[in-house]
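To start, the structure under review is shown below, and the notes come after it.
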Amino acid sequence: MQLNYIGNESVASASGRTLPVIDPSDGQTFDELQRSNAADIDAAVQAAHHCFETGWRKVSAAERGRLLYKLSQKIAAHTDELALIEQRDCGKPVKQARADALALVRYFEFYAGACDKLHGETIPYQDGYSVLTWREPHGVTGHIIPWNYPMQIFGRSVGGALAAGNVCVVKPSEDACLSLIRVAQLAAEVGFPPGAINIVTGYGHEVGDALARHEGIDHISFTGSPSVGTIIQQVAAERHCPVTLELGGKSPQILFADADLDAAIPVLIKAIVQNAGQTCSAGSRVLIQQGIYEPLLERLGHAFEALRVGPAAMDLDVGPLIRQTQQQRVWDFLSDAHVAGIPMVGQGTVVDEAPESGFYQAPTLLRDVPVGHRLAQEEVFGPVLAAMSFCDEDEAVALANATRFGLVAGIWTENGARQLRMAKRVKSGQVFINNYGAGGGVELPFGGVKSSGYGREKGFEALYGFTTLKTVAIRHG
Ligand code: NAD
């Protein structure tokens with residue numbers, strides 16, 4: 001039985017109700033979570049507030065840095081354990097689960113080093129004044145986290161918030177809580193005071209909503225779907241609470257005829273099948289210049305056919321989707337594609353060892369997807385890649401920008417001037433040239449434009465969002 005973690009103690013929810021924890025690899029329940037409500041959020045906010053007021057706000061930046069560093073090392077020592085938890089809870093293949101745990105280590109390492117580098121400024125002003133700015137923490141920050149990369153998103157969001165001097169109340173997804181409860185326990189073991197990191201589990205519309213509405217939450221970092229992002233924004237607006245929104249994407253990979261296809265193909269595949277396509281920044285559209293459309297599709301089709309899907313423990317190319325409703329969602333997209341006559345180029349294989357009760361979907365490559373079709377417009381959040389062709393730069397830009405999203409774009413060309421022209425014209429929070437994701441570096445600011453959200457997490461930039469700026473003007477004559 002998993003309990004909430006509030007004030008460095010494992011506690012049952014006030015309601016006494018629980019939720020099942022299901023292994024996506026076989027669809028079976030193997031544990032239970034607390035189904036918390038507003039009373040539990042209130043307890044967590046009080047613990048956090050008490051921590052902030054009675055000690056945390058006076059802890060020096062250097063000392064915070066030491067604590068974050070200790071946590072990074074503690075997590076590093078527990079990488080295997082955390083990866084195993086994530087593998088079962090989220091259906092992540094072993095390599096991906098380990099990569100997530102190592103990214104969490106790296107986030108805390110990075111933000112440990114950043115704590116005492118966050119400075120204000122002095123501003124030249126009228127004679128007789130000295131003016132300075134202070135970067136102050138918001139106080140209690142709320143973190144609503146999705147199920148696709150719990151450890152990574154906790155690392156970038158909670159890591160940044162703590163580094164900036166905040167204390168945190170975290171609401172993980174009801175589908176992926178286990179690793180974060182364990183990380184909070186590890187944080188207590190290395191000396192984080194009671195209330196600095198609190199984890200409250202349950203449904204979004206119950207406990208997530210309660211967090212977003214709570215008067216004691218001074219900033220909300222939300223990562224999730226655009227539809228819930230809208231609700232969070234509306235709820236937060238009622239009390240003018242600042243929000244960072246990290247939402248979805250329909251990110252294009254744009255290949256010009258001079259692209260290095262040998263380098264591009266494995267990257268294109270990884271960008272759509274990593275985490276079974278359940279990645280906000282998945283490269284889910286591939287835009288290909290006409291001259292190389294047919295040969296590239298042929299090569300991509302063969303690559304898709306070679307992909308194998310199976311239980312997380314088998315550590316194949318692709319694991320299961322998170323839950324049955326997600327599997328149904330992907331099926332609905334594929335059925336719509338079939339009805340619309342969109343041709344399939346290639347599909348991977350679900351291995352015989354995969355239990356029928358697991359949530360599997362073979363990676364699928366579709367071609368000639370019309371720009372107005374929902375496959376070219378909406379997040380599938382599964383391993384489905386939509387290909388379409390373009391003739392020149394203008395058409396490539398028009399297609400790339402033809403969705404409501406703007407999270408990530410990949411541009412593949414050897415022409416340096418075109419690389420920069422395209423990078424400037426594509427509406428996107430991140431642009432990668434002749435690569436995609438740059439290895440996910442924790443140092444690189446991340447976030448979207450349009451319906452992909454606003455505000456930035458990751459990198460040093462995130463610290464500005466987790467602080468508020470105070471201007472102090474001293475008149476001394
Ligand atoms: P989701 O929006 O359904 O849920 C995200 C979180 O919000 C969960 O913890 C959920 O319980 C909570 N929630 C749901 N309803 C709520 C409500 N009414 N009030 C408060 N909280 C509520 O998203 P998901 O299905 O967990 O994750 C997939 C989505 O997340 C995709 O759209 C994906 O692109 C996006 N995502 C974005 C990023 C990014 O950095 N931009 C990263 C990962 C995932």
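Counting other Cβ atoms within 10 Å, which GluC sites (Glu not before Pro) in region 50-105 have at most 15 and lie in a DSSP loop?
Details: sites: Glu53, Glu63, Glu81, Glu86; in loops: none.
Taking region 50-105 and a limit of 15 other Cβ atoms within 10 Å, no loop GluC sites (Glu not before Pro) are found.
Would you mind telling me the antiparallel percentage of the DSSP bridges in the chain, rounded to 5?
Working: 28 of 66 bridges.
For the chain, the DSSP antiparallel bridge percentage is about 40.
Calculate the FRET efficiency for Val449 and Ala313 from the Cβ-Cβ distance with a Förster distance of 35 Å, rounded to the nearest 0.05.
Working: r = 39 Å, r/R0 = 1.11.
For Val449 and Ala313, the calculated efficiency is 0.35.
Given R₀ = 22 Å, what would the calculated FRET efficiency be for Val472 paired with Glu238, taking r from the Cβ atoms and rounding to 0.05?
On the way: r = 30 Å, r/R0 = 1.37.
So, using R0 = 22 Å, E works out to roughly 0.15.
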**Report entry** Spin-label model distance (nm) - Glu294 vs Met1, 7 Å beyond Cα toward Cβ
**Finding:** 6.6 nm
Report task. List the GluC sites (Glu not before Pro) within region 436-477 that fall in a DSSP loop (any state other than H, G, I, E or B) and whose Cβ has at most 13 other Cβ atoms within 10 Å. Result -> Glu443
Report summary line: One would report the Cα pair-distance distribution of the chain, bin width 20 Å, in %, as 24, 54, 20, 1, 0
Requested in this report: Check the straight Cα-Cα distances from Lys92 and name the lysines below 18 Å, setting aside those fewer than 8 residues away within the same chain.
Outcome: Lys270
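Compute the accessible area per residue over the chain, keeping the other protein chains in place, probe 1.4 Å, unit Å².
Details: 18550 Å² over 477 residues.
So the chain comes to 39 Å² accessible per residue, rounded to a whole number.
Is the C-alpha gyration tensor of region 252-441 telling us rounded, prolate or oblate? Criteria: a/c under 1.5 is rounded; beyond that, a/b larger than b/c is prolate, otherwise oblate.
Prolate, since a/c reaches 1.5 and a/b exceeds b/c.
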Report task. Find how much the distance from Asn434 to Lys117 grows on full extension, using 0.36 nm per residue of separation minus their present alpha carbon separation; answer in nm with one decimal. Result -> 110.9 nm
Query - Backbone HN-Hα couplings from phi across region 311-319 [Karplus 6.51/-1.76/1.60, Hz, Gly and Pro as x] - result: x, 3, 5, 6, 6, 7, 5, 9, x
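When N is the residue count of region 231-336, what does its C-alpha Rg come to as a fraction of 2.2 N^0.38 Å?
Region 231-336 yields a ratio of 1.38.
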Report task. Enumerate the calculated ³J(HN,Hα) couplings along region 80-87 in order (Karplus 6.51 cos²θ - 1.76 cosθ + 1.60, θ = phi - 60°), each rounded to whole Hz, writing x wherever the residue is Gly or Pro. Result -> 4, 4, 5, 5, 5, 4, 5, 4
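Applying 1/(1 + (r/R0)^6) with R0 = 25 Å to the Cβ-Cβ distance of Glu32 and Glu136, what FRET efficiency is obtained, to the nearest 0.05?
Values: r = 40 Å, r/R0 = 1.60.
For R0 = 25 Å, the calculated efficiency reads 0.05.
In the neighborhood of Glu353, defined by Cβ-to-Cβ distances under 13 Å, what is the net charge if each Lys or Arg adds +1 and each Asp or Glu adds -1?
Numbers: positive: Arg308; negative: Asp26, Asp315, Asp352, Glu356.
Here the charged neighbours net out to -3.
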Query raised in the report: So how far apart, in nm, are the two label points at Arg404 and Ala14 if each is 7 Å from Cα heading toward Cβ?
Result: 3.5 nm
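Given region 252-441, what percent of its DSSP beta bridges are antiparallel, to the nearest 5?
Working: 3 of 25 bridges.
DSSP beta bridges in region 252-441 are roughly 10 percent antiparallel.
Taking each pair of distinct Cα atoms in region 1-86 once, what is the resulting Kirkwood hydrodynamic radius in Å? Show your work: numbers first, answer last.
Details: mean 1/r = 0.0638 Å⁻¹.
Hydrodynamic radius (Kirkwood, Cα only) of region 1-86 equals 15.7 Å.
Looking at this model, which pairs from Lys250/Lys424; Lys427/Lys470; Lys74/Lys95; Lys74/Lys450 are more than 29 angstrom apart at the alpha-carbon? Walk me through the intermediate numbers first.
Working: Lys250/Lys424 18 Å; Lys427/Lys470 32 Å; Lys74/Lys95 20 Å; Lys74/Lys450 38 Å.
Result: Lys427/Lys470; Lys74/Lys450 exceed 29 Å.
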Query raised in the report: How many nm is it between the label spots at Thr230 and Arg57, if each spot is 7 Å from the Cα in line with the beta carbon?
Result: 3.8 nm
Query - Candidates per trypsin sites (Lys or Arg not before Pro) in region 185-268, loop by DSSP, up to 13 other Cβ within 10 Å - result: Arg239
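The values are calculated or read from the model by the stated rules, or taken from the named source; none is laboratory data. Everything quoted here is computed from the prediction, not taken from an experiment. When we count neighbours, we look across all protein chains shown, and the Cβ atoms used for this are built from the backbone with ideal geometry, even at glycine. Protein only, heavy atoms only, side chains kept; ligands, DNA and RNA dropped before computing areas. Shrake-Rupley method; radii C 1.70, N 1.55, O 1.52, S 1.80 Å.
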